[in-house]
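Beneath this line is the structure, given in structure tokens, with notes to follow.
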Amino acid sequence: MTTFRLTKLLCVFSILAVALVAAAAIGFPSAIDQYAPFESTTSECLICGRMRTVERRWMQSPAESIYVGDDSLWMQPQVDSEHDHWWAACSTEERPGWFDYSMIGCGGGVGGVSTLHHVATNRGADVAQPLVNEYLQLTQGGDLKSVRNFVQYRVMPALQDRPRAPAVAQ
Ligand SMILES: [Zn+2]
């Protein structure tokens, strides 16, 4: 009777031990994800509109991922495929130290290619094309401020400037 109980106890104990080890092995990486310091920066290429995210995580080498979205696919035929990407940071998420809250910083984005794509979709290629040409000319200059100003004061207004509705005949 005693032997039977002991065996049963050992059996329960070893199952518990296995469960604990498994939980620790599964839980540890996700605890690092949740609490370890990290920094993740997303940038847009001002020329082709691709998005790049660089993640720096604890004890890992930086990981880079590039996303080719609709805007970038639309822009692709108009740009030199061999161009050097011009990455402009648009948002950052980071946890500066262990167990800190993560913080998100935005507002640096230009959105040049996506805004031009919007103009082409909503206003037509004839409105968008001259802006695209001028925009690409500007990106060759390499001056971030003029590119940003051009998007803000020339491309965005074109998006809002809807064709006037024809007068209704009375
Ligand atoms: Zn690019």
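Annotations for the structure displayed:
- In the stretch 46-78, the qualifying residues are those that are in contact with a Phe, Trp or Tyr (Cβ under 6 Å, 6 or more places away or on another chain) and in contact (Cβ under 8 Å) with a residue 60 or more places away in the chain, and the one that is nearest to PRO29 (Cα to Cα) is LEU46.
- Residues that are of a type in the set (A, V, I, L, M, F, W, C) and within 16 Å of HIS118 (Cα to Cα), drawn from the stretch 48-95: CYS48, LEU73, TRP74, MET75
- Top-ranked residue of the stretch 106-120 - restricted to ones that are at pLDDT below 95 and open to solvent by 50 Å² or more (accessible area, probe 1.4 Å), ranked as farthest from the chain's Cα centre (by Cα): GLY107
- Considering the conditions (1) modelled with pLDDT of 95 or more; (2) under 22 Å from the mean Cα position of the chain (by Cα), MET103 is excluded by exactly one of them, (1).
- Flag for ASP33 being within 13 Å of the ligand (Cβ to nearest atom) and either open to solvent by 80 Å² or more (accessible area, probe 1.4 Å) or touching a residue at least 40 places away in the same chain (Cβ under 8 Å) (or both): no
The values are calculated or read from the model by the stated rules, or taken from the named source; none is laboratory data. Quantities reported herein were computed from a predicted structural model and do not represent experimental measurements. Cβ sites come from the backbone with ideal geometry, for glycine too, and all protein chains shown count toward neighbours. Just the protein is used for accessible areas: all its heavy atoms, side chains included, with ligands, DNA and RNA removed. Shrake-Rupley method; radii C 1.70, N 1.55, O 1.52, S 1.80 Å.
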